[in-house]
1. Filter region 275-286 down to residues that are touching a Gly at 6+ places or on another chain (Cβ under 8 Å) and in a loop (DSSP other than H, G, I, E, B) and give me whichever is surrounded by the fewest Cβ atoms within 10 Å (Cβ to Cβ).
2. Residue by residue through region 124-137, note down the ones that are surrounded by fewer than 17 Cβ atoms within 10 Å (Cβ to Cβ) and in a helix (DSSP H, G or I).
3. Given the conditions (1) surrounded by fewer than 18 Cβ atoms within 10 Å (Cβ to Cβ); (2) assigned by TED's automatic domain parsing to the domain that holds HIS45, report the number of the one that LEU225 does not fulfil.
4. On the basis of being in contact with a helix residue (DSSP H, G or I) (Cβ under 7 Å, 6 or more places away or on another chain), at pLDDT 95 or above and within 30 Å of VAL279 (Cα to Cα), does GLY71 make the cut?
5. Take ASN236 and tell me if it is more than 29 Å from GLY286 (Cα to Cα), in contact with an Asp or Glu (Cβ under 9 Å, 6 or more places away or on another chain), assigned by TED's automatic domain parsing to the domain that holds ALA154 and surrounded by fewer than 22 Cβ atoms within 10 Å (Cβ to Cβ).
6. Being in contact with a Lys or Arg (Cβ under 8 Å, 6 or more places away or on another chain) and either under 14 Å from VAL327 (Cβ atoms) or surrounded by fewer than 16 Cβ atoms within 10 Å (Cβ to Cβ) (or both) is the filter here, so list the residues in region 256-274 that pass it.
7. Only residues that are crowded, with 19+ Cβ neighbours inside 10 Å and touching a helix residue (DSSP H, G or I) at 6+ places or on another chain (Cβ under 9 Å): list them for region 287-299, please.
8. Pairs under 7 Å by beta carbon, first residue closer than 16 Å to PHE375 by Cβ in region 343-362, partner aromatic (Phe, Trp, Tyr), six or more apart or different chains?
Amino acid sequence: MSDTTPLAPMQRSPLHDEHLALGASFTGFAGWQMPVRYSSDLAEHAAVRTAAGLFDLSHMAEISVTGADAGAFLDVALAGRLSTLPLLKAKYSLLLDESGGIIDDLIVYASADAEYLVVANASNRHAVEEALLDRQADFEVQLADLTEQLSLIAVQGPAARAILEQTEGLEISDELSRGRTLDSLGYYAAMGMTWAGGAVFIARTGYTGEDGFELYLDNADAPSLWRAILAAGEPNGLVPCGLAARDTLRLEAGMPLYGHELSRDILPVQAGLGRVVAVDKPRFVGKSAVEAGPAADARVLVGLRTEGRRAPRADYPVLAGDTEVGVVTSGALSPTLGYPIAMAFVHPDHQTPGTVLDVDVRGTRVPATVVALPFYRKEA
């Protein structure tokens, strides 16, 4: 008998109508219908590198952690040390399972006294929430999933700060700003602003390799702020950007994507994230496995630059002679650099920059040189 269970409808961003009005093309991603592009992938990518791009990231998951033990709880639940995170600062961290595998990579904000905001990948929202709930015992903490209440808008690129400063009606909040300005706000730091009478939590963070800001606010206020930022940004070259440009931007910046470079089968050190783990903490989930480390022949993440114009794609084999020594996890023809780039997991004997390998691109061997990550770094 066939399965006639209807598929659950995809969720739509609070900004969905704004995307329709701008002529966006959509794709399904982690149960959400999100814009993949508005004009062209290359034009949107170039705008972020040279001016600015506006992204809707409302599919990302937000979970608040509050209570007297919030910091101590996160120290045990996550791989990093969060209890010492200063107020209005952010930290990149990992949620591991008992075997040291990566359940998700996260951004954690110390958003208020005894209060943290955990931002997870959309595809891992429920896995993260479940893991945090499982680790809640013995701690005086409360968890709340805010994903359905908050929109997330990102402005990325060298003109991002100027555009936000020129967005009429977006004001600094005395309550949460601590005397900061957008100009003085440091990287991985946050402050309070207001829009249409509502609170905006804004952080100097991003996933593109450029300067930029991410703004969290109530769903009801998001469409009007989106339009105001577009209006302020038009003279500065701002364009709306979809998930396609976001992917090539993060690849150039050497930033891992869950499900490609990160998974439960990968230990942090294999993905070059050993520095994220506070191994000197007395305990955290996955500590024993992290300390034991991977097997001697476990593959490690490297960057590859290939010849020609044919870009390696995920799951293409990496070869040394006639031996398969790795697999591509992400790849594209770099819009900024003009040549194909990829990230791949390879046998540790082949991880040294300068090592020449091959990638099997649909039956054709394409020479590939191991290079250090990131491929692209913004000018100081």
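The values are calculated or read from the model by the stated rules, or taken from the named source; none is laboratory data. What you see is a predicted model; the values in this text were computed from it and never measured. Cβ coordinates were reconstructed from backbone atoms using ideal geometry, including for glycine residues, and neighbour counts include every protein chain displayed.
1. Once the filter is applied, the top-ranked residue is ALA278.
2. HIS126, GLU130, LEU133, ASP134
3. For LEU225, the failing item is (1).
4. no
5. Numbers: more than 29 Å from GLY286 (Cα to Cα): yes; in contact with an Asp or Glu (Cβ under 9 Å, 6 or more places away or on another chain): no; assigned by TED's automatic domain parsing to the domain that holds ALA154: yes; surrounded by fewer than 22 Cβ atoms within 10 Å (Cβ to Cβ): yes.
Answer is no for this residue.
6. Once the filter is applied, which keeps residues that are in contact with a Lys or Arg (Cβ under 8 Å, 6 or more places away or on another chain) and either under 14 Å from VAL327 (Cβ atoms) or surrounded by fewer than 16 Cβ atoms within 10 Å (Cβ to Cβ) (or both), region 256-274 yields only GLN270.
7. VAL290, ARG299 - these are the residues of region 287-299 that are crowded, with 19+ Cβ neighbours inside 10 Å and touching a helix residue (DSSP H, G or I) at 6+ places or on another chain (Cβ under 9 Å).
8. Going by the 7 Å Cβ cut-off, the qualifying pairs are VAL359/TYR316.
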